[in-house]
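Laboratory data are not the source of any read-out in this text; all were calculated from the coordinates shown. Not measured: the values here are computed from a predicted model.
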Amino acid sequence: MQILKNILPRLLVTFSLLFLFQSGLLACEIHLKVSGTQKEKYNPGDIVVVKMTVELTHRRCSESLKETKIDLENLEIIESSNWENNEANIWEKTIKVKVLKNKTGQASIITERECTRDGGFGELTLVTSKQ
C-alpha cells in the first residue's frame with residue numbers, strides 16, 4: 001500500500017506532462033478528397049472537384065486559413081470557394097481543378113500550413129493519361 005501511495009502521484013504527474021506536451025505539438029490535420037464521382041484515370045481537360053478539410057487540432061491557430069499554401073502539379077484551379085466553418089475547429093473549402101496535359105501520368109494537390117505549432121500537410125494524387 002505504501003508503494004502505491006508513492007508511485008501514484010508520480011504516475012499522475014508523468015501522464016499529465018505527457019498529455020500537455022503532446023497537445024502542444026499536434027499539427028493541423030488536412031484532408032483532401034475528390035468530391036463526387038471518382039475515376040481510375042483522369043484525362044486532360046477533366047474537371048475535378050476537391051474538398052479540402054482543415055481540422056485545427058490545437059484550436060486557436062496564429063495563422064489565418066488564407067495562409068494555407070496550395071501547390072498544384074499538372075492541375076489548374078478554375079474555381080475556389082471561401083473557407084467555411086461547419087463544425088467546431090473544422091474548416092472546409094472546395095476547389096475545382098482542371099487536369100492538364102502531362103507526361104508523368106500524375107497530377108497532385110499539396111496543401112501546407114506553417115505555424116509555431118507544427119502546421120499541417122495534406123496531399124492528393126490523381127492518376128492521369130500520359131500525353
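Report, ordered by chain and residue number, the lysines lying within cross-link reach of Lys103, taken as a straight Cα distance under 23 Å and ignoring same-chain residues fewer than 8 apart.
By straight Cα distance, Lys103 reaches Lys39, Lys41, Lys130.
What are the lysines whose alpha-carbon lies under 21 Å from the alpha-carbon of Lys66, with same-chain residues fewer than 8 places away excluded?
Hits, sequence-local ones excluded: Lys33, Lys51, Lys93, Lys96.
Output ³J(HN,Hα) for the stretch 31-43: one whole-Hz value per residue in order, computed from phi by the Karplus curve 6.51 cos²θ - 1.76 cosθ + 1.60 with θ = phi - 60°, and x for Gly and Pro.
Once θ is set to phi - 60°, the couplings for the stretch 31-43 become 10, 10, 8, 6, 9, x, 5, 9, 10, 6, 9, 9, 9 Hz.
So what is the diffusion coefficient of the stretch 27-127 in µm² per second by Stokes-Einstein at 20 °C and 1.002 mPa s, using a Kirkwood Rh over Cα pairs?
Translational diffusion coefficient: 152 µm²/s.
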